[in-house]
């Protein structure tokens, strides 16, 4: 149990480091892929909601502190951490999932789960960032474009897992 927790916390720390040092300075047409979501998606299914919320909240605070985004990462990561288990149950056809992956859930179930997690996170993040629906087309472009960019990176990370 402690080994699994340590493994996932180290993965989260590494992906947070990559996000802050490598991906955040790079903006392509104002699209920002969030690679750290891979660790949240891959958390074990038997983790409690409280553990998910605590780790998600602390990770969001770390990102907000490093990237000078007041509360945006914290809010979106806490929301995704809260919705993770219901989404996992809803997207999975199998009952005995230990860790969500393509192997344990099947290709379509896993990517449906990953897509919903990333879309919810990005929608919350960019809505809080823009704080308006004034330029709705730009907002939708950023949400959908960043979701696709993040899913592409997550696809490659899933290949190496």
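Tabulated data for the structure shown
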quantity: Those helices (runs of 4 or more DSSP H) lying entirely in the stretch 62-145 with at least 3 residues modelled with pLDDT of 95 or more; calculated: 72-91, 107-130
quantity: Single residue of the stretch 21-66 satisfying the filter (loosely packed, with under 14 Cβ neighbours inside 10 Å and touching a helix residue (DSSP H, G or I) at 6+ places or on another chain (Cβ under 8 Å)) that is nearest to residue 5 (Cα to Cα); calculated: 49
quantity: Identity of the residue in the stretch 129-161, more than 14 Å from the chain's Cα centre (by Cα) and surrounded by 17 or more Cβ atoms within 10 Å (Cβ to Cβ), that ends up farthest from residue 71 (Cα to Cα); calculated: 145
quantity: Matching residues in the stretch 24-43 - criterion: being under 14 Å from the mean Cα position of the chain (by Cα) and modelled with pLDDT under 90; calculated: 32, 33
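The values are calculated or read from the model by the stated rules, or taken from the named source; none is laboratory data. Everything quoted here is computed from the prediction, not taken from an experiment. We place every Cβ from the backbone using ideal geometry, glycine too, and count neighbours over all the protein chains shown.
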